[in-house]
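Structure first, then comments.
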Amino acid sequence: MTILTHHAAMAPYGRMLLAGKEGERLVKFLSPPARPPIPPILKRMNYQDRIVIDPEIRFGKPCVRGTRITVGNVLSYLASGMSEQQVLADFPQLASDDIRACLAFAAERERRVVSIPAG
């Protein structure tokens with residue numbers, strides 16, 4: 001008995017055919033390996049305790065409470081490739097929860113963005 005794949009481009013995933021006396025018959029369909037499950041959001045960060053918007057501080061940009069460090073600054077540092085530990089080393093007045101609060105603030109703002117379809 002010979003095992004043939006349905007199409008070479010589909011190997012190793014695709015139909016497995018069994019060639020025998022009665023011709024080709026479908027044995028089973030192989031599917032790609034299952035992805036690991038995506039973990040659910042365990043707990044939302046309450047960024048309101050750490051992020052403030054005050055018109056008197058940095059022209060009303062959202063800042064980490066008690067500092068003049070804006071959420072945009074923290075996000076820019078992270079986006080440029082700095083690790084959380086590097087940001088904390090450069091700004092000792094920040095805590096890990098402050099960085100997570102900046103990320104939570106940005107995520108919440110992204111969820112609230114209204115998109116206008118083109119056309």
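Close Cβ contacts (under 6 Å, 6 or more residues apart or on different chains) running from residues in region 84-98 that are within 9 Å of VAL64 (Cβ to Cβ) and surrounded by fewer than 16 Cβ atoms within 10 Å (Cβ to Cβ) to residues that are at pLDDT 95 or above and among the hydroxyl-bearing types (Ser, Thr, Tyr) comprise GLN93/THR67. Of all residues in region 99-119, those satisfying the criterion of being part of a helix (DSSP H, G or I), of a type in the set (D, E, K, R) and more than 19 Å from GLY66 (Cβ to Cβ) are GLU108, ARG109, GLU110, ARG111.
Report, by residue number, each residue of region 64-82 that is among the small types (Gly, Ala, Ser) and under 16 Å from the mean Cα position of the chain (by Cα). Within region 64-82, ALA79, GLY81 meet the criteria. Any residue in region 61-80 that's free of Cβ contacts under 8 Å to residues at least 12 places away in the same chain and surrounded by fewer than 18 Cβ atoms within 10 Å (Cβ to Cβ): show its pairings with residues that are of a type in the set (Lys, Arg) and in a helix (DSSP H, G or I) at Cβ separation under 7 Å, as long as the two are six or more apart or on different chains. Once the first residue is free of Cβ contacts under 8 Å to residues at least 12 places away in the same chain and surrounded by fewer than 18 Cβ atoms within 10 Å (Cβ to Cβ) and sits in region 61-80, its partners that are of a type in the set (Lys, Arg) and in a helix (DSSP H, G or I) give ARG68/ARG58. Among the listed residues PRO36, PRO55, PRO62, PRO40, which satisfies the condition of being modelled with pLDDT of 70 or more, of a type outside the set (D, E, K, R) and not assigned by TED's automatic domain parsing to the domain that holds PHE91? Criteria check complete, one pass: PRO36.
The values are calculated or read from the model by the stated rules, or taken from the named source; none is laboratory data. Small disclaimer: the values here were computed from a predicted structure and weren't measured. Backbone-built Cβ (ideal geometry, glycine too); neighbour counts: all protein chains shown.
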